[in-house]
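Values quoted throughout were computed directly from the atomic coordinates according to the rules given, and no laboratory measurement underlies them. Predicted, not measured: the structure shown is a model, and the values here were computed from it. A quick note on method: Cβ atoms are made from the backbone with ideal geometry, for glycine too, and the neighbour counts reach across all protein chains shown.
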Amino acid sequence: MTYVIRGLDADRFAPLFGLDEAGLAASNARRVTATADRGFPCRISLEDARAGEELILLHHVSHDVATPYRSAYAIYVRPGVTAATYRDETPPVFEGRPLALRAFDVAGMLQAARIAGPGEADDAIRDLFADEGISYIDAHNAAHGCFAARIERDAA
């Protein structure tokens, strides 16, 4: 069993970087500058922004399903980056962070969940996918609750 983790599509967020502060506020978004090399995880590149880099903080629907498990929260995105892809390995934004892994069936209903401590995500992902009824897993940063990335079975 293999899995793939992809960053969000940069094109979805590109228009936000051209907006002024009022335009961003109208979209429930804010322009921010990373104040440290860690703590500002970009959901496109799946890497933390470096101190001084500009990001957009926005409200994002990460689990857009017609079930009680529909989910949305704040995320960061950076301009000028491309969507990362990781196969059978976890991205840099998972490193050193406890993660809440929420496993869903094809209908978007929660089937299982795990807390993965730092360095435990790969094993927890493989354990969850051992259940053939699990279609995908949404990873969230356990402390802040924000969406980190979607993990899917790799059809390749």
- How large is ³J(HN,Hα) for each residue in the range 32-39, as worked out from phi by the Karplus curve 6.51 cos²θ - 1.76 cosθ + 1.60 (θ = phi - 60°), to whole Hz, x for Gly and Pro? 9, 10, 4, 9, 8, 7, 9, x
- Item | Dimensions (Å) - the chain, Cα atoms, principal axes, largest first | 46, 33, 30
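In what sequence, highest mean first, do 114-123, 3-12 appear when ranked by Cβ atoms within 10 angstrom? Can you show the working numbers first?
Values: 114-123: 15.1, 3-12: 17.1.
Averaged packing, sorted descending, gives the order 3-12, 114-123.
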- Task: Using the Karplus curve 6.51 cos²θ - 1.76 cosθ + 1.60 with θ = phi - 60°, work out ³J(HN,Hα) for each residue of the range 131-146 in order, rounded to whole Hz, and write x for Gly and Pro.
- Result: 7, 4, x, 8, 8, 7, 10, 9, 9, 10, 5, 4, 6, 8, x, 6
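Quick check: convex hull of the Cα atoms in the range 86-152, volume per residue, rounded to a whole Å³?
Values: hull volume 5.0 nm³, N = 67.
It is 75 Å³ per residue.
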- Between ALA124, PHE94, HIS59, whose Cα lies farthest towards the positive end of the dipole of the range 3-153 when Lys and Arg beta carbons carry +1 and Asp and Glu beta carbons carry -1, centred on the Cα centre? HIS59
- Of the beta bridges DSSP finds with both residues in the range 1-155, what % are antiparallel, to the nearest 5? 95
- Query: For the range 61-123 and the range 124-156, what is the separation of their C-alpha centers, rounded to whole Å?
  - Reply: 6
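Stretched out fully, how many nm does the piece from THR67 to ARG38 gain, at 0.36 nm a residue minus the Cα gap? Each step should come with its number before you reach the end.
Values: separation 29, 0.36 × 29 = 10.44 nm, distance 3.37 nm.
Result for the pair: 7.1 nm of gain on full extension.
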- Got a sec to turn the phi values of the range 51-68 into Karplus ³J(HN,Hα) couplings, 6.51 cos²θ - 1.76 cosθ + 1.60 with θ = phi - 60°, whole Hz, x for Gly and Pro? 3, x, 6, 7, 9, 10, 9, 9, 7, 9, 7, 8, 10, 8, 10, 8, 9, x
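Compute, for the chain, the length of the dipole vector about the Cα centre, with Cβ point charges of +1 (Lys, Arg) and -1 (Asp, Glu) only. Units Debye, rounded to 20. Intermediate values should be presented prior to the final figure.
Values: 16 positive and 23 negative charges, 79 e Å.
Computed charge dipole of the chain: roughly 380 debye.
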- 222 nm mean residue ellipticity, helices alone, for the chain (DSSP H n ≥ 4; -39,500 (n - 2.57); rounded to 500): -2500 deg cm²/dmol
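So what is the relative contact order of the range 3-153, in percent, for Cα pairs below 8 Å that sit 6 or more residues apart? Walk me through the numbers before you get to the answer.
Numbers: 332 pairs, mean separation 35.8, N = 151.
Value for the range 3-153: 24 percent.
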- Task: Taking H placed 1.01 Å from N in the peptide plane, check which residues at least 5 places from ALA51 or on another chain put their amide H under 5 Å from its amide H.
- Result: ALA36, ASP37
